[in-house]
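Accompanying notes for the structure given below.
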Amino acid sequence: MNPRFIWKKLVPTPDPKHGKPCTRSSLGISYIGVNDACPTARLILHGGETVARTPLDSSQATWSCDLTDDDNQSWRLIPSSDPSPPPRVAHAQAYHAPSSSLYVFGGRAGITMQEQAMNDLWKLDCSGPAGSEKWSQVKTDGDTPEARSFHKMICVGDSLYVFGGCGETSGRLADMHRLDLLTHTWHSFGSSQHLRGRGGANLLSLGSGHYLGVVAGFAGEETNDGHLFDVKEGKWRDESLTAFLEGLRPRSVCLSESFPSVGVALIFGGEVDPSAKGHEGAGSFDNSIVLLEESTGKYIDTFPNHGETWPENRGWSDGTGIDNGDGSGRLFFFGGLSGDDANPLRLDDLWALEVSKA
């Protein structure tokens with residue numbers, strides 16, 4: 001089941017006027033496929049921090065990497081408009097392909113955990129030609145999730161699912177919420193009976209979209225447990241996933257993606273030992289690839305750096321991917337945090353991992 005991996009560092013052409021995105025961590029990135037109005041796929045990068053807990057302003061908030069072909073990419077600043085999302089770090093974002101819309105939920109704008117947590121929802125309309133992207137705020141009904149940061153969000157069908165994070169009033173969370181994108185109504189499914197509240201978890205589509213898998217995260221320490229949420233039934237499964245994750249090194253603030261046609265889900269990097277300074281510092285980071293079975297979430301193996309072209313250790317990044325449907329796919333990610341407490345290092349590199357069946 002072990003697939004082939006080929007890393008490639010991408011060096012897009014800078015925006016002629018604005019250059020390229022600055023170094024950042026606690027960001028979001030999403031793959032935007034081609035549509036009738038735009039024949040070029042895009043990576044939309046939003047938010048983050050280049051100084052710990054200080055959100056980037058509008059001059060750096062949102063970028064597109066236009067993917068002309070495998071050998072040609074270019075950066076393009078998406079300028080701030082009125083309205084636009086307020087600056088934030090540690091938000092979550094997900095792409096709804098049928099409407100060509102990128103959604104951003106929550107995050108925080110303050111220096112401390114208690115300051116300016118958010119539960120607002122924004123949409124970036126990507127249905128037009130490159131350069132016509134436009135923000136709007138989405139008004140919702142129902143049981144709106146508590147304001148939070150360091151949570152995860154994923155799109156399945158016509159729904160957004162939000163898991164966990166650091167709540168404004170409740171501390172670390174292990175709850176699941178669904179937003180119906182057709183009615184803009186929130187639904188709450190309660191907290192996992194097997195997981196402690198956490199930030200920086202992995203939220204993966206498994207079983208070809210039948211399940212959502214929560215794997216690892218920070219719950220006072222790095223974890224290696226997990227739980228499955230049944231999308232069709234709208235409830236947490238009775239049994240824990242933890243027994244199927246034996247051998248996984250505890251970690252948090254990783255990046256992850258599922259590739260159903262390859263039969264695997266991937267987790268890359270993350271923090272494996274927390275910083276003594278908390279979010280102000282940099283803990284011990286990893287740069288291995290963790291393989292899980294896409295059908296079940298079961299741990300398969302961990303592949304360390306083999307010495308060839310390979311990204312450096314990092315956490316607090318974000319990734320996005322595309323499954324080609326033919327036994328191959330690509331994972332993209334940007335930036336993140338490396339270094340250590342004495343010298344934390346925020347990054348501005350862009351990588352692609354080609355994944356295919358062996």
Which condition number does ASN2 fail, the rest of (1) under 20 Å from ASP323 (Cβ atoms); (2) part of a loop (DSSP other than H, G, I, E, B); (3) modelled with pLDDT of 95 or more; (4) not hydroxyl-bearing (Ser, Thr, Tyr) being met? (3)
In the stretch 53-72, is there at least one residue being within 19 Å of SER100 (Cα to Cα) and in contact with a Gly (Cβ under 7 Å, 6 or more places away or on another chain)? no
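Conditions (1) buried (at least 20 other Cβ atoms within 10 Å of the Cβ); (2) of a type outside the set (S, T, N, Q), marked per residue:
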residue: ARG108; (1), (2): yes, yes
residue: LYS123; (1), (2): no, yes
residue: PRO129; (1), (2): no, yes
residue: GLN137; (1), (2): no, no
residue: ASP141; (1), (2): no, yes
residue: THR144; (1), (2): no, no
residue: VAL162; (1), (2): yes, yes
residue: LEU173; (1), (2): yes, yes
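Going through the stretch 227-257 one residue at a time, which ones are over 23 Å from ASN313 (Cβ atoms) and in a strand (DSSP E or B)?
Residues satisfying the conditions are HIS227, LEU228, PHE229, ASP230, LYS235, TRP236, ARG237, ASP238, GLU239, SER240.
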Quick check: is even one residue across the stretch 87-104 part of a strand (DSSP E or B), of a type in the set (Phe, Trp, Tyr) and touching a residue at least 40 places away in the same chain (Cβ under 8 Å)? yes
When every residue in the stretch 69-105 that is surrounded by fewer than 17 Cβ atoms within 10 Å (Cβ to Cβ) and small (Gly, Ala, Ser) is compared, the one farthest from TRP135 (Cα to Cα) is ALA97
Mind checking which residues of the stretch 5-41 are under 16 Å from the mean Cα position of the chain (by Cα) and either farther than 30 Å from TYR299 by Cα or assigned to a loop (DSSP other than H, G, I, E, B) (or both)? ARG24, SER26, LEU27
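Taking SER205 as the residue in question, decide whether it is over 21 Å from LYS298 (Cβ atoms), outside any loop (DSSP other than H, G, I, E, B) and in contact (Cβ under 8 Å) with a residue 40 or more places away in the chain.
No.
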Return a yes/no flag: does the stretch 335-349 have any residue that is surrounded by 16 or more Cβ atoms within 10 Å (Cβ to Cβ) and either at pLDDT below 95 or within 21 Å of VAL34 (Cβ to Cβ) (or both). yes
Before we move on, is GLY190 assigned to a strand (DSSP E or B), buried (at least 20 other Cβ atoms within 10 Å of the Cβ) and among the small types (Gly, Ala, Ser)? no
State whether one or more residues within the stretch 296-305 are modelled with pLDDT of 95 or more, within 17 Å of the chain's Cα centre (by Cα) and crowded, with 20+ Cβ neighbours inside 10 Å. no
Touching a residue at least 24 places away in the same chain (Cβ under 8 Å) and touching a His at 6+ places or on another chain (Cβ under 7 Å): is that true of HIS184 in this structure? no
Kindly list, by first and then second residue, each pair from a residue in the stretch 36-55 that is aliphatic (A, V, I, L, M) to a residue that is at pLDDT below 95, limited to pairs with Cβ atoms under 7 Å and residues at least 6 apart or on different chains. ALA52/HIS279; ALA52/GLU280
On the given criteria, is LEU255 buried (at least 21 other Cβ atoms within 10 Å of the Cβ) and more than 18 Å from the chain's Cα centre (by Cα)? no
If I ask for residues that are among the small types (Gly, Ala, Ser) and free of Cβ contacts under 8 Å to residues at least 60 places away in the same chain, which ones from the stretch 299-358 would you list? GLY307, SER338, GLY339, ALA342
Restricting to the stretch 158-170, count the residues that are free of Cβ contacts under 8 Å to residues at least 60 places away in the same chain and in a loop (DSSP other than H, G, I, E, B). 3
Can you confirm whether ASP66 is farther than 25 Å from LEU345 by Cα and either basic (Lys, Arg) or touching a Lys or Arg at 6+ places or on another chain (Cβ under 7 Å) (or both)? yes
Going through the stretch 47-62 one residue at a time, which ones are out of contact with any His (no Cβ under 7 Å at 6 or more places or on another chain), in a strand (DSSP E or B) and either within 14 Å of ASP125 (Cα to Cα) or charged (D, E, K, R) (or both)? GLU49
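The values are calculated or read from the model by the stated rules, or taken from the named source; none is laboratory data. No experiment lies behind these values; they were computed from the predicted model shown. Methodologically, a virtual Cβ is constructed for each residue, glycine included, from the backbone with ideal geometry; neighbour enumeration extends over all protein chains shown.
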